[in-house]
Amino acid sequence: MKIIAEKRQYPRRTAYIIGEYTVLEGTFRDFIRNIGAGGLFIATDRKVAVGQPLSIKFPLFNFDNPVQITGRAVRRDKDGLAVTFNEAIEGLICKEGHFPEIVQEGDR
């Protein structure tokens, strides 16, 4: 069995957040399935090209003040699209090994 090294700078956690993202093909809404300070995974069947820039907006800590961030598509598979952010989301950086609470996870 081959072990693959983790390429992410920041860990991710499971999420169920609806995000609105804009790519060359238009603006769409799909579920964010996991998220971390450096990126996220969008569950979608849309054919977004790897390397394509995008912007995405989603509620994270407060529904009334959504996060808006830019990034690029880094991987595409049958389940969706992996995105890396141009800048990390400071509030999602793990401190002392604990992931910060996000609105959607804390309210479930």
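Throughout, read-outs are computed from the coordinates displayed, never taken from laboratory work. What you see is a predicted model, and the numbers here were worked out from it, not measured in a lab. Here the Cβ positions follow ideal geometry from the backbone for every residue, glycine too, while neighbour counts run over all protein chains shown.
Residues whose amide H comes within less than 5 Å of that of residue 74, counting only those at least five positions distant or on another chain, are 51, 82, 83, 84 (H built at 1.01 Å from N in the peptide plane). Over the Cα atoms of the stretch 12-106, the radius of gyration divided by the Kirkwood radius equals 0.94; this is the Rg/Rh ratio.
Residue 86 to residue 49: extension gain in nm, 0.36 nm per residue of separation minus the Cα-Cα distance?
Working: separation 37, 0.36 × 37 = 13.32 nm, distance 1.70 nm.
Fully extending the segment from residue 86 to residue 49 adds 11.6 nm.
Our coupling estimate for the stretch 13-21, obtained by passing each phi through the Karplus curve with A = 6.51, B = -1.76, C = 1.60 and θ = phi - 60°, is 10, 4, 9, 9, 10, 7, x, 10, 10 Hz, Gly and Pro reported as x.
In terms of other Cβ atoms within 10 Å, 47, 57, 78 run from fewest to most in the order 78, 47, 57. A simple spin-label model places pseudo-atoms 7 Å from Cα toward Cβ; at residue 57 and residue 29 they are separated by 1.2 nm.
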